[in-house]
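The values are calculated or read from the model by the stated rules, or taken from the named source; none is laboratory data. Predicted model, so just to flag it, every value in this text is computed and none were measured. Every residue, glycine as well, gets a Cβ built from its backbone with ideal geometry; the counts of neighbours run over all protein chains shown.
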Amino acid sequence: MNPPVLSVRDLRVWYGTARGAVRAVDGVSFDLTPGETLGLVGESGCGKSTLGRGLMGLLPEGTAIDGEIHYEDRDLLALPPKQQRSVRGPDIAMIFQEPMTRLDPLMRIDDHFAETLKTHEPDLSAQEIRTRSLEALGGMGIPPTRFRQYPHEFSGGMRQRIMIALALVLRPRVVIADEPTTALDVLVEAQILGILADLRRNFDTALLLITHNLGIVAEACDRVAVMYAGRIVEEGSSRDVFREPQHPYTQALLGSIISLSTTELRSIPGAPPDLSMPPPGCRFHPRCDQAMVVCADREPIEERPLPGRRVSCWRYGPDEEIPPGGTEPLVREEIAVADEA
Amino acid sequence: MRTKREEDTPLLDVRDLTTHFSLRGSFGGRLIGRDAGSVKAVDGVSFQLHHGEVLGLVGESGSGKTTLGRTILRLADATGGSIRLDGEEIAHLSESAFRPYRRRMQIVFQDPHASLNPAMDLLTAVGHPLVIHGLVKDKAALRVAVGDALERVGLAPVERFFDKYPSDLSGGQKQRAVLARAIILGPELLVADEPVSMLDMSVRAKILELMLKLKDELDLTYLYITHDLATAKFFCDRIAIMYLGRIVEIGPTASIFADPKHPYTVSLLRAIPDPDPDRTVPRDLPRGEVPDAVQPPLGCSFHPRCPRAFGRCGWESRDLADLFERRWTAMAEADYEHERATVGDLARIEAATTAATVPAGRGRTGEDVLELLATIRDADAAEPFWSGVREMTANGDHVDVTFTDGEDPSLRAAGDVEVACHLYEGATSA
């Protein structure tokens, strides 16, 4: 297997609120290899966007981050901020959800590209800048005839493609895409997913795709990591995870999808916990239909029940850590509508 | 029990409905009285909705589905056509004459947070319609009525919710409160505009289930507006697919999904991401995006994106500009610069006409342009565009291109659905 281009270890992000510290990301580890797409899924409020921003160094003031982000043998979090930026800028790029708000309405498209390229590669000539920009735009299906236009002259789908071209013009090795198609129509969404798939094939770019849409993950991702309450509870190849989800949360999440083959509606009772006071033990146990006595008491230990799969759930052991009687079914409180998401 | 008349008359009968929004244009333009044009948000829509039925209006943004829903509720003004509620014409009534009908039709919007006043507790917000219509005499009666509505939508025990504010509620609970407010006047028709789109996947199912339960208990009829074909398939009896202000296909849900007819419906169905790991991202999707509704394409509005378009579909000058742009987008910079110089100002062919005048670039002749057009055609003769070109002739410094006259297809029966597409002309109903 390829050595990872990005390696995250025990990442934690937390911020203070009136109710106490909120641990939005609480001990997350994963690897991303070149040319690979990893999907990061979960309900709103599970910390997936915070994780993406934390990787990019885009957390708001008053937020603390801890752990390790290894990129090319260096731990980004151990570097001073200025050096962090000089590594992230050209090599790790981010694509956001709202393309409308990320382009400067008073700047022509060509100026957006010139600014980005000049900042990170100051030696480029004007002609080189033009060639590089047109190449990036052409790859996204934006006609060269529109190079000198303003953002408002483009449709939402085109603006998102311009944003992707801007992120790619520096030829980054890692792209973090946070809900890149959520604001778009289904046909344009499929076009953009096709573009992202070409990207990893043609340039060996590693892609972290943050989304709540499991259909997109199934079609576009090699691997999937399922987040719940700030932690990755299951990770594996998307084929395996979709075929045979192991964590009860993954099972419930997959069961709640309304797709063209849906004949019966299912949902997950309750809501994700308040991360300033998460439940003890496994954070999913109050909503879990397979919870055991041990789940309410002890945090699950990550197990690897299958090759390439990791899951944090007591149902997969380790058995020697479960106290006597711990595998008895947990008597749960009834979850009322009053507590739903 | 319903009377005989109600059985025969559809609850809602919409005929040739249009909602056009006129554009204001520039100050100078208005001074000299120039018409800035209009956005044809709903452009000739007809359908019937029967008692107890769920009809889905499905389309992308800009298809006019939301405007259609708002027009039916008189939240937008119809510029033409008719809307009959239980046989009575309501499209052009004055505001005061329309007021009694408002109690019979309610709407639920996409964003439950924006639908609730942050300064109103649930007792006030959910009971507001009763107060406005003067249907409760005192606070006690209000509490009883609101309590009943909250109970129905599952916000129980109701005493716990009376004094809650929207900010105390989760997304799903807010949408329940919005539904409680919508049913409190005892409406017959509920227009639901993307009621679950902003909710988390894990609660969508619960809200849809609640809506089905309310429909059964309260004898409701739904107009379900959505961009999401998967929920529409589950939720609707019939589906109307909209594109640029028109219905392009309408029929029973099962037929639409088993055998989609309009090329637009076909591509929408193919594009939905499916949680099946054996499927990959589809590649042969319609190019481009929904065009501007101020000047929709001639002929069939979908023709510029349609993989099966042919001569009669309405080819025009703007399609030629798109053809140049698509070709140049895929070219290396130097080749593009060379070809771009052959053609003059593209703005001159950006018009909705069936005769294009393609100017030559500086120092080039009409012959050069004609040669370029022939090269483009030979490179991809299967491109549907060429089936609509009647003639190309070089004249001095330009090329004149004329197109086959297009026709705007109207809805026709094909099997047990109706479809507006030239491919299905001559098809008879089964």
Taking A:Thr181 as meeting all but one of (1) more than 8 Å from every other protein chain (Cβ to nearest Cβ); (2) part of a loop (DSSP other than H, G, I, E, B); (3) over 14 Å from the mean Cα position of the chain (by Cα), write down the number of the exception. (3)
From the list A:Arg108, A:Arg130, A:Arg146, A:Arg88, which one is surrounded by 15 or more Cβ atoms within 10 Å (Cβ to Cβ) and over 30 Å from B:His338 (Cβ atoms)? A:Arg88
Helices (runs of 4 or more DSSP H) (entirely within region B:300-389) containing at least 3 residues that are farther than 30 Å from B:Met242 by Cα and either away from chain A (no Cβ under 14 Å) or of a type in the set (Asp, Glu) (or both): B:333-342, B:366-379
Go through region A:203-218 and give me each residue that's in contact with a helix residue (DSSP H, G or I) (Cβ under 7 Å, 6 or more places away or on another chain), surrounded by fewer than 24 Cβ atoms within 10 Å (Cβ to Cβ) and at the interface with chain B (Cβ under 7 Å from one of its Cβ atoms). A:His212
Please enumerate the residues belonging to region A:143-186 that are of a type in the set (A, V, I, L, M), more than 24 Å from A:Val41 (Cα to Cα) and free of Cβ contacts under 8 Å to residues at least 24 places away in the same chain. A:Met158
Search result, residues across region B:114-130 that are surrounded by fewer than 20 Cβ atoms within 10 Å (Cβ to Cβ) and in a loop (DSSP other than H, G, I, E, B): B:Asn117, B:Pro118, B:Ala119, B:Met120, B:Asp121
Would you be able to tell me the number of residues in region B:128-168 that are aliphatic (A, V, I, L, M), within 22 Å of B:Ala114 (Cα to Cα) and free of Cβ contacts under 8 Å to residues at least 40 places away in the same chain? 6
Does A:Arg159 satisfy being surrounded by 15 or more Cβ atoms within 10 Å (Cβ to Cβ), within 14 Å of another protein chain (Cβ to nearest Cβ) and more than 28 Å from A:Asp185 (Cβ to Cβ)? no
Failed item, numbered, when B:Leu189 is tested on (1) away from chain A (no Cβ under 14 Å); (2) in contact (Cβ under 8 Å) with a residue 24 or more places away in the chain; (3) over 30 Å from B:Cys236 (Cβ atoms): (3)
Set A:Thr262, A:Thr181, A:Thr250: member being closer than 30 Å to B:Phe302 by Cα, of a type in the set (Ser, Thr, Tyr) and surrounded by 24 or more Cβ atoms within 10 Å (Cβ to Cβ): A:Thr181
Is region A:289-299 home to any residue that is within 23 Å of the chain's Cα centre (by Cα) and either closer than 30 Å to B:Leu199 by Cβ or touching a residue at least 60 places away in the same chain (Cβ under 8 Å) (or both)? no
Selection from region B:59-113 of residues part of a helix (DSSP H, G or I), polar (S, T, N, Q) and within 19 Å of B:Ala41 (Cα to Cα) yields B:Thr66, B:Thr67, B:Thr71
Residue check, B:Ser202 under 23 Å from B:Ile272 (Cβ atoms), surrounded by fewer than 16 Cβ atoms within 10 Å (Cβ to Cβ) and assigned by TED's automatic domain parsing to the domain that holds B:Arg102: no
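Based on this model, can you work out whether A:Cys282 counts as of a type in the set (A, V, I, L, M, F, W, C), closer than 14 Å to A:Ser312 by Cα and part of a loop (DSSP other than H, G, I, E, B)?
Details: of a type in the set (A, V, I, L, M, F, W, C): yes; closer than 14 Å to A:Ser312 by Cα: yes; part of a loop (DSSP other than H, G, I, E, B): yes.
So A:Cys282 passes the test.
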Residues that are over 22 Å from B:Tyr336 (Cβ atoms), at least 2 per element: which helices (runs of 4 or more DSSP H) completely within region A:81-162 meet that? A:81-91, A:109-120
Positions within region B:178-199 being buried (at least 22 other Cβ atoms within 10 Å of the Cβ) and in a loop (DSSP other than H, G, I, E, B), in sequence order: B:Ile184, B:Pro195, B:Val196, B:Leu199
If you check A:Leu170 against the conditions, is it surrounded by fewer than 23 Cβ atoms within 10 Å (Cβ to Cβ), of a type in the set (A, V, I, L, M), outside any helix (DSSP H, G or I) and more than 13 Å from chain B (Cβ to nearest Cβ)? yes
Given the residues B:Leu208, B:Leu155, which is the only one that is facing chain A (nearest Cβ under 10 Å) and either at pLDDT 95 or above or assigned to a helix (DSSP H, G or I) (or both)? B:Leu208
Residue check, B:Asp278 against (1) within 13 Å of chain A (Cβ to nearest Cβ); (2) within 25 Å of B:Gly56 (Cα to Cα); (3) part of a loop (DSSP other than H, G, I, E, B); (4) out of contact with any Pro (no Cβ under 8 Å at 6 or more places or on another chain), all met but one. Which one? (2)
When you check B:Ser96 against the structure, is it among the polar types (S, T, N, Q) and more than 25 Å from B:Glu151 (Cβ to Cβ), yes or no? yes
Within region B:391-412, count every residue that is assigned to a strand (DSSP E or B) and either touching a helix residue (DSSP H, G or I) at 6+ places or on another chain (Cβ under 9 Å) or modelled with pLDDT under 90 (or both). 10
Any residue that is within 14 Å of chain B (Cβ to nearest Cβ), modelled with pLDDT under 90 and within 26 Å of A:Thr211 (Cα to Cα) - is there at least one of those in region A:80-94? no
I'd like the full set of residues that are under 21 Å from A:Thr263 (Cβ atoms) and either at pLDDT below 95 or assigned to a strand (DSSP E or B) (or both), limited to region B:233-256. B:Lys233, B:Phe234, B:Phe235, B:Arg238, B:Ile239, B:Gly251, B:Pro252
